[in-house]
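Chemist: What follows is a structure written as structure tokens; I'll ask about it next.
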Amino acid sequence: MVQQDETAPAGAATAPAGRRRAGWVLVLACAAQFMVVLDVSVVNVALPSIQSALGFAPAGLPWVVNAYGLCFAGLLLLGGRLADVLGHRRVFVLGLAVFSAASLAGGAAASPGGLIAARAVQGMGAALLAPVTLTVLTGMFPEGPVRTRALAVWTAVGVAGGAAGNLIGGALTEYLSWRWILLVNVPVGVGGVLPALRLLQQERTPAVGRPRLDVAGAVVATAALAALTYGLGQAESHGWGAPVTAGTLTAGLLALAVFVWLEGRVRTPLMPLRLFRVRSVAVGNLVLVLTGACFIPMWYFLSLYMQQVLRYSPVQTAIGFLPHTLITMAVGARVAPWLLHRVDARALILAGCAICAAGFGWQSRITPDSGYVDGILGPAVVVSVGSGMLLTPLTAAVTSGVPPSDAGAASGLMNAAKQVGGALGLAALATFAATGGDADDADLTEGYARAFTAITAVLAAVTVLALALPREDHAEPD
């Protein structure tokens, strides 16, 4: 039996065998996190192939992205609560099983509806896995440098998953089939079940005093977001005044109001309303929703533009996205933290929004004859520098001023805000990019340009909104 330090969290063994076990737990948690983050972006490059193979209508194609994002965002906070109630090992294994089964169903889908349903269930599995991957690490590694190193690895793997999504999706789509962007999850997920059962301890959760689940809140929130997203999508084909558009948007807004009403009355809400009394949280999350509505759809429209208009292959498209990923990571990981010690966070957010708006303004000038340098690379450099400057201080802003007891809820709200913004933004921007049935290259390009023009306007408005963020007097001189 491995002896453990009684002051350390459960499973934080100090003997060599315990350290080996902790290392394998880190590998397991990082593999699950990589898989979850990967599937946010892996479908982008495969979208034209999916549309052609399954006969997706233009209005339905965004749901390949949104079905995953909406269920992930709507159930993310519930997934974290569920791990506290059922135990980390049970929820980890359940999340792997749900995610793997949905990936298998999606890879075998024969219709648009089947693929969308599978992506929605994938999002549910991701909502179970994402919170518990972090929780098992904090339970395994005691506070201090060892936990810090483990969390740094976990964070880096998450970033790498998002960055690798386009490359992996492009390679699998071109050399195998678009179906493999989903099927590749199956052996990873199934292969992780047995190690999880062996490595993770099952906590005893007492019947008295354990957290209650706000299931009603999660269901109503997800339904509200789905109705709003569907209503925005219907505006493309039926118009804003059509009964189906107005009806679903109204239903979504009513469900959102019911969600807020519920959260003010349950004992353990998914989204404590008291958080919004903190100005940095209220304004910062609104900024996150709006920036998510700009950045996540960017991948969707650029992928279609590169493949449908510029005739890039899936692999060429994936390589074309590399500047966005590498520059954003470099600026976000190196430059932004250095600047945060010297410049007020609000000033960096304002500058980042303004630079991104300029980059998307440039992106909106694309033509069917644009080359890679002026049509993709140039705008990518500007947008990526701006987003790298923006995201780190924005993350710091939305978690500042929050008491330690609400830190987890604030973090979950931040992650959900980005996904919600992306889903709603993609649905709304698709109406700007709509071109009709028999669109040629010029029509398609004009539609994508309209979407980028709308993104430019949103980011200009966000720049003004960011002025409402509180100023932080923590800048340090050189």
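Chemist: So which of G375, G359, G352, G388 ends up being farther than 16 Å from T328 by Cα and touching a residue at least 12 places away in the same chain (Cβ under 8 Å)?
Modeler: Only one candidate qualifies: G375.
Chemist: Right, next: Of all the residues that make up the stretch 413-470, how many are at pLDDT below 85, of a type in the set (G, A, S) and more than 20 Å from V65 (Cα to Cα)?
Modeler: Within the stretch 413-470, residues that are at pLDDT below 85, of a type in the set (G, A, S) and more than 20 Å from V65 (Cα to Cα) number 3.
Chemist: Could I ask something else about it? Here is a list of conditions, (1) over 27 Å from E446 (Cα atoms); (2) at pLDDT 90 or above; (3) not β-branched (V, I, T), and D369 meets all of them except one; can you say which number that is?
Modeler: Tallying (1) over 27 Å from E446 (Cα atoms); (2) at pLDDT 90 or above; (3) not β-branched (V, I, T), D369 fails exactly one: (1).
Chemist: State which residue is nearest to the chain's Cα centre (by Cα) when the search covers only the stretch 283-315 and only residues that are polar (S, T, N, Q) and surrounded by 17 or more Cβ atoms within 10 Å (Cβ to Cβ).
Modeler: My answer is T291.
Chemist: In this structure, does A358 turn out to be small (G, A, S), assigned to a helix (DSSP H, G or I) and more than 26 Å from A427 (Cα to Cα)?
Modeler: It is false that A358 is small (G, A, S), assigned to a helix (DSSP H, G or I) and more than 26 Å from A427 (Cα to Cα).
Chemist: Here are the criteria: (1) over 30 Å from P297 (Cβ atoms); (2) touching a residue at least 24 places away in the same chain (Cβ under 8 Å); (3) in contact with a Ser or Thr (Cβ under 9 Å, 6 or more places away or on another chain). Tell me which single one P187 does not satisfy.
Modeler: Result: P187 passes all but (2).
Chemist: What's the number of the only condition in (1) surrounded by fewer than 19 Cβ atoms within 10 Å (Cβ to Cβ); (2) under 22 Å from G79 (Cα atoms) that L254 fails to meet?
Modeler: Going through (1) surrounded by fewer than 19 Cβ atoms within 10 Å (Cβ to Cβ); (2) under 22 Å from G79 (Cα atoms) one by one, L254 breaks only (2).
Chemist: Which condition from (1) within 27 Å of V65 (Cα to Cα); (2) part of a helix (DSSP H, G or I) is the one that R346 breaks?
Modeler: (1)
Chemist: Out of all the residues in the stretch 368-397, which are within 18 Å of T317 (Cβ to Cβ) and among the hydroxyl-bearing types (S, T, Y)?
Modeler: Listed by number, the residues that qualify are S370, Y372, S384.
Chemist: Within the stretch 216-330, considering only helices (runs of 4 or more DSSP H) that don't extend past its boundaries, which have at least 2 residues that are touching a residue at least 60 places away in the same chain (Cβ under 8 Å) and β-branched (V, I, T)?
Modeler: 279-304, 314-320, 322-330
Per-residue answers, yes or no, for (1) of a type outside the set (V, I, T); (2) in the same structural domain as Q33 (by TED's automatic domain parsing); (3) within 23 Å of the chain's Cα centre (by Cα); (4) within 21 Å of G284 (Cβ to Cβ):
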{"residue": "W362", "(1), (2), (3), (4)": "yes, no, no, no"}
{"residue": "V383", "(1), (2), (3), (4)": "no, no, yes, yes"}
{"residue": "L391", "(1), (2), (3), (4)": "yes, no, yes, yes"}
{"residue": "S400", "(1), (2), (3), (4)": "yes, no, yes, yes"}
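Chemist: Return the pair list, or none, for Cβ contacts closer than 6 Å from residues in the stretch 116-144 that are hydroxyl-bearing (S, T, Y) to residues that are assigned to a helix (DSSP H, G or I) and modelled with pLDDT of 70 or more, at least 6 apart or on different chains.
Modeler: Correct list of pairs: T133/A29; T133/A32; T133/Q33; T135/A83; T135/H88.
Chemist: Same structure again: Can you find, within the stretch 46-99, the residue that is modelled with the highest pLDDT among those that are of a type in the set (F, W, Y) and either in a helix (DSSP H, G or I) or over 30 Å from T431 (Cα atoms) (or both)?
Modeler: Per the stated criteria, the residue is F99.
Chemist: Something else: What are the residue pairs meeting all of these: first residue in the stretch 336-347, first residue in the same structural domain as L394 (by TED's automatic domain parsing) and modelled with pLDDT under 80, second residue among the hydrophobic types (A, V, I, L, M, F, W, C) and in a helix (DSSP H, G or I), Cβ atoms under 6 Å, and 6 or more apart or on different chains?
Modeler: A336/M389
Chemist: I would also like to ask the following. Output yes when any residue across the stretch 132-151 is crowded, with 19+ Cβ neighbours inside 10 Å, at pLDDT 75 or above and closer than 30 Å to I327 by Cβ, and no when none is.
Modeler: There is at least one residue in the stretch 132-151 that is crowded, with 19+ Cβ neighbours inside 10 Å, at pLDDT 75 or above and closer than 30 Å to I327 by Cβ.
The values are calculated or read from the model by the stated rules, or taken from the named source; none is laboratory data. These figures come from a predicted structure and were not determined experimentally. Don't worry about glycine lacking a Cβ; one is built from the backbone with ideal geometry, like all the others, and counts go over all protein chains shown.
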